[in-house]
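*Asks:* Before I ask anything, here is the structure I am working with.
What follows is calculated from the coordinates using simple rules that are stated; it is not laboratory data. Quantities reported herein were computed from a predicted structural model and do not represent experimental measurements. As a convention, Cβ positions derive from the backbone with ideal geometry for all residues, glycine included, and neighbour counts pool all protein chains shown.
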Amino acid sequence: MVKTPHFFRYQKRNRLSRLSVSEVMTIVIAFYQSGYRDFKTYYIHFVCRYLTNEFPEIS
């Protein structure tokens with residue numbers, strides 16, 4: 001008997017995106033060009049702090 005992996009048991013969130021695809025791609029490309037090692041740290045310490053004027057939908 002094969003067990004289902006635990007990540008298939010959870011319901012996926014169906015939220016509407018507040019950012020457009022081009023805004024998300026801009027943030028991702030800037031992340032790859034930055035010196036940050038993980039995206040969460042980059043987002044919290046750089047995007048949320050310094051890019052809120054460029055992306056007003058970021059909370």
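*Asks:* Between F55 and K12, what FRET efficiency comes out of the Förster formula 1/(1 + (r/R0)^6) with R0 = 22 Å and r the beta carbon distance, rounded to 0.05?
*Replies:* Efficiency for this residue pair is about 0.35.
*Asks:* How large is ³J(HN,Hα) for each residue in the range 23-39, as worked out from phi by the Karplus curve 6.51 cos²θ - 1.76 cosθ + 1.60 (θ = phi - 60°), to whole Hz, x for Gly and Pro?
*Replies:* Per residue, the Karplus-derived 3J(HN,Hα) values read 5, 5, 5, 4, 5, 5, 5, 5, 4, 5, 8, 7, x, 6, 8, 9, 5 Hz.
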